[in-house]
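As structure tokens, the structure follows; a few thoughts come after it.
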Amino acid sequence: MTPDDFRAHAHQVADWMADYLETVGERPVKSRARPGEITARLPASAPEDGEPFEAIMADFNDIIVPGLTHWQHPGFFAYFPANASPPSILAEMLAAVLATQCMSWQTSPAATELEGRVMEWLRELVGLPADFIGAIQDTASTATLCAILAARERASDFATNHTGLSGGPRMTTYCSSEGHSSIDKAVRIAGLGSDQLRKIAVDQHSAMDPAALDAAIAADAAAGLRPVCVVATLGSTSQSAVDPLRAIGAVCRRHGVWLHVDAAWAGSALVLPEMRWMIDGIEAADSLVFNPHKWLLTQLECSAFYVRDKAALIRTFEILPEYLKTREGDQVTNYRDWGVQLGRRFRALKLWFVLRSYGRTGLQAHVRRHIALAQDLAARIAAQPDFEVLAPSPLALVCFRYHPPGLDDPAKLDALNETLLETLNDSGALYLTQTRLDGAYVIRFAIGAVLTEARHVEAAWEKIQHTARRLGEGT
Ligand code: PLP
């Protein structure tokens, strides 16, 4: 591709992108592709000779785009959102053309120093303590893995990295029964073993019971095991439960255990002073992660990972072969030593563009709007005699089910709600996902897409009621 061709195609792609954002709401939000359908349309081998850009774009439009689920669709209410805002997208375009590799200060000084600065800005914006030092990880899963690895190393006086796990006492990790599956994955990868992950009981609000945590840690210590890490959750995936940090922190301090806070989705809401109750007691935490890529207008991958003991983190990951040494040495920040990845993308750029484009007030308006929409939706659902809200909605997630009067058989209720969810998702107008609460099938309605407005939530709720009652007539 010549430089002139590149310029022309870049303009075409920019137009495509602007058109997409304008019209994404007209596409089916959840892809209607059947398994294998896309593969069948792709040749078994790469082309022998290069193909023209026009041919590639034509297939992109024809094969790829219809096979996508549109996370930026205003009717996307599934999982948790994955935000992409125009400033973030533009920054990603620039990061793509620069294609810098940001593993150490010397390989991209501005990327490193910008990352440090935006992590400080973000820390202040969400009200975290000033001694939390941040780095951007790809995902919350990676950040939680890093925290558990650092906790493991600190607990073994940094011996485990060298000796391996065999020989020493088995190390235990703790989260509530509502903790995210990324914690299970992290303890497996860290070699601690899922048998040593204690799922602590929750209270009536599905928040971790600190007394049960205390008892579990004490019992493990008494049995000769070594408790190393507690992962508290702010905004659980199933129903946005918030663990009590102050009481959990006191338990961790007493037992000398690392406290990591997983606020993957809910952390973005900390831009609102009225949501800071979630981090009451944060002084006792050793690390925290939240994802601006979920709910703070910033493209995947952007997980803000904060640690108090930067030295413990670096000691966990630092390896310095000759070919990675630089003249500046440890006088500068080298993010390659802050986590698993060596090669790192220029992720700070999009966050910088977002923070500057929206400012504190713009970020607050974004999150506050979604919370208000969710509160309104929860009230409307609760007002209907044939619907139930099944969990508190402190943030922007509403858990509900259709429950027509007289239909009380749990299996039939589950089946009816499962059919309701599938029917709604097949319509292409909205996309919802499910969970189970106390064994019951529950529909989750998570509000947070950048393009979602009140009218989209209203239209979705109308469709849910209409579809549910039509299906309910058949039961
Ligand atoms: N923790 C919680 C509470 C989550 O809800 C999620 C994902 O939704 C994760 C962790 C994992 O996030 P990531 O996809 O960034 O690894």
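Things worth noting here:
- From ALA379, ALA348, residue being more than 16 Å from the ligand (Cβ to nearest atom) and within 30 Å of GLY472 (Cβ to Cβ): ALA379
- Figure legend. Inter-residue proximity from segment 259-276: first residues more than 16 Å from the ligand (Cβ to nearest atom), second residues among the β-branched types (Val, Ile, Thr) and in a loop (DSSP other than H, G, I, E, B), beta-carbon distance below 6 Å, spacing 6+ or different chains. Indicated pairs: VAL271/VAL126.
- Selection from segment 127-173 of residues that are within 16 Å of the ligand (Cβ to nearest atom), out of contact with any Gly (no Cβ under 9 Å at 6 or more places or on another chain) and assigned to a loop (DSSP other than H, G, I, E, B): THR139
- With respect to the conditions (1) over 24 Å from LEU270 (Cβ atoms); (2) part of a helix (DSSP H, G or I), ALA378 falls short on a single one, namely (1).
- Of the strands (runs of 3 or more DSSP E) lying entirely inside segment 382-475, those containing at least 1 residues that are assigned by TED's automatic domain parsing to the domain that holds GLN364 and surrounded by fewer than 19 Cβ atoms within 10 Å (Cβ to Cβ) are 387-389, 433-437, 440-446.
- Where PHE445 falls short, out of the listed (1) without any contact (Cβ under 8 Å) to a residue 12 or more places away in the chain; (2) within 23 Å of MET278 (Cβ to Cβ): (1)
- Residue in segment 248-258 that is surrounded by fewer than 18 Cβ atoms within 10 Å (Cβ to Cβ), within 16 Å of the ligand (Cβ to nearest atom) and either without any contact (Cβ under 8 Å) to a residue 40 or more places away in the chain or over 15 Å from the mean Cα position of the chain (by Cα) (or both) present: no
- Residue check, GLU113 over 30 Å from GLN364 (Cα atoms), more than 16 Å from the ligand (Cβ to nearest atom) and of a type in the set (Asp, Glu): no
- Residue, farthest from the ligand (Cβ to nearest atom), within segment 284-294, restricted to residues that are crowded, with 24+ Cβ neighbours inside 10 Å and either more than 12 Å from ALA140 (Cβ to Cβ) or without any contact (Cβ under 8 Å) to a residue 60 or more places away in the chain (or both): ASP286
- Boolean, ALA211 is farther than 22 Å from ASN161 by Cα, modelled with pLDDT of 95 or more and assigned to a loop (DSSP other than H, G, I, E, B): no
- Annotation: of all residues in segment 199-232 being out of contact with any Asp or Glu (no Cβ under 9 Å at 6 or more places or on another chain) and not hydrophobic (A, V, I, L, M, F, W, C), the one that is surrounded by the most Cβ atoms within 10 Å (Cβ to Cβ) is ASP220.
- Scoring ALA221 on the criteria (1) small (Gly, Ala, Ser); (2) outside any helix (DSSP H, G or I); (3) over 28 Å from ARG369 (Cα atoms) leaves a single failure, condition (2).
- LEU272 being within 30 Å of ILE89 (Cβ to Cβ) and surrounded by 24 or more Cβ atoms within 10 Å (Cβ to Cβ): no
- Residue in segment 184-194 that is of a type in the set (A, V, I, L, M, F, W, C), over 21 Å from the mean Cα position of the chain (by Cα) and surrounded by fewer than 23 Cβ atoms within 10 Å (Cβ to Cβ) present: no
- On the stretch given as segment 152-174, residues that are hydroxyl-bearing (Ser, Thr, Tyr) and farther than 19 Å from ASP286 by Cβ total 2.
- Filtered by the rule that a residue be crowded, with 19+ Cβ neighbours inside 10 Å and either outside the structural domain of ALA263 (by TED's automatic domain parsing) or outside any helix (DSSP H, G or I) (or both), segment 98-126 gives CYS102, MET103, SER104, TRP105, SER108, VAL126.
- Subset of segment 219-244 that is over 30 Å from LEU432 (Cβ atoms) and either in contact with a Cys (Cβ under 6 Å, 6 or more places away or on another chain) or among the aliphatic types (A, V, I, L, M) (or both) - its residue that is farthest from the ligand (Cβ to nearest atom): ALA222
The values are calculated or read from the model by the stated rules, or taken from the named source; none is laboratory data. Keep in mind the model is a prediction, meaning the values are calculated, not measured. Cβ: placed from backbone, ideal geometry, glycine included. Neighbour counts: every protein chain shown.
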